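The values are calculated or read from the model by the stated rules, or taken from the named source; none is laboratory data. Remember, it's a predicted structure, so these values are computed and weren't measured experimentally. Glycine also receives a Cβ, built like all others from the backbone with ideal geometry; neighbour counts cover every protein chain displayed.
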């Protein structure tokens, strides 16, 4: 493994550690659950509760 | 026996070949008992210091890269090349050996196969070789395990130079055990109770040999294939990347531990909300509920929002809106719980869960409340509870860092494995065939 790859890996690694530290401190998830921001609830939704019931008698 | 315990190389002497009358130079005239004439390939034995022909060898197939009489310092020891041998196994493949003579300790060997070199020492250099321990397909030497790689019966094809034993009468069974960059050869006569000798070889790069004997490495044969004890460059790469990744992961865990202590997780909201069915709003719809207010003190935090409802053979779904009372910023999530159970074929079964959770990211400090819009299949559903925990460990971030940091070590590991599989493809004792 040449020095360039090693340096690049160390750089990427330190960036990851730094970004992780920032995210952990500010409570930031790298990928979020489905959340709608600054919307007004309009009541137009599709219920998800029907699915499993068809699997059982 | 080779002359040893001297302070310098003995004076060379010249003898005449009794067969072709050519001059033969001896570099250890007192110690060498046999030699071969470089011109007629006669095998000569010194009887009362007079050379007598006792046989002959084939003509060498190749020229010695290191000339007889060349002096060099290899691994800190001064050697003189006194013989060049060509050997083969079952006429399938051959290799070359250079007998090295040191005036203090005696013989060592340089071997070359497909451009790969080994320097090989016996117990005159490594006394611990007499204490090799045997296991099943491995041996232990100096607390290192050497794995069985190959067994063969070498045959001497040609000889130039001198030595102190009758190599023509040498019929050996050789077992090779490897722990790259080292190899241990166990040499045993074909007689049932013959003594076994051990030799340890160390892989050397051609440039080391060339530097030791003052030769031009460009004249050395190119390396082809992978030999048994060739060190794996990818092995070092894997070790380096594995250690680097481990260090970075350790740093991540240290950071996380520090934050767990200085910014601990805390429950900021934990309430049971009463629900009321609203037939005017439509099937399944309940009246909206507004929760009491609660405070988020940290500058910015993750929130784990857990919703629980005591549903049985039913479902409950709610759109929950987190509202910042000062800025009117909102975060809207829709989550549902469903839980079913029953008995089928005499067995009790359950499916689903009565609770579910969602992670909200980077929620700023402030006063908040929840607007909850429930819906359920059962108009009798009358409560649900919501619990909000701030500053929970975000495991998905740790897993993401782990995955990214593991990429290079994983690639290096695959390359190491590929290299080792190629190495062991030349062996009948490969662990990769099992």
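When the residues of segment B:323-345 are filtered to those that are exposed (fewer than 12 other Cβ atoms within 10 Å of the Cβ) and facing chain A (nearest Cβ under 9 Å), which remaining residue is nearest to residue A:36 (Cα to Cα)?
B:328
Could you identify the single residue in B:237, B:223 that is under 44 Å from the mean Cα position of the chain (by Cα), within 29 Å of residue B:411 (Cβ to Cβ) and within 12 Å of another protein chain (Cβ to nearest Cβ)?
Among B:237, B:223, only B:237 is under 44 Å from the mean Cα position of the chain (by Cα), within 29 Å of residue B:411 (Cβ to Cβ) and within 12 Å of another protein chain (Cβ to nearest Cβ).
Being crowded, with 19+ Cβ neighbours inside 10 Å and within 11 Å of chain A (Cβ to nearest Cβ) is the filter here; which residues of segment B:357-373 pass it?
If the condition is that a residue be crowded, with 19+ Cβ neighbours inside 10 Å and within 11 Å of chain A (Cβ to nearest Cβ), then B:359, B:360, B:361, B:363, B:372, B:373 are the ones that fit.
Checking the condition modelled with pLDDT of 95 or more and more than 27 Å from the chain's Cα centre (by Cα), which residue from B:121, B:152, B:101 passes?
Exactly one of B:121, B:152, B:101 is modelled with pLDDT of 95 or more and more than 27 Å from the chain's Cα centre (by Cα), namely B:101.
With respect to residue B:364, determine if the residue is over 50 Å from the mean Cα position of the chain (by Cα) and in contact (Cβ under 8 Å) with a residue 40 or more places away in the chain.
So residue B:364 does not fit the description; no.
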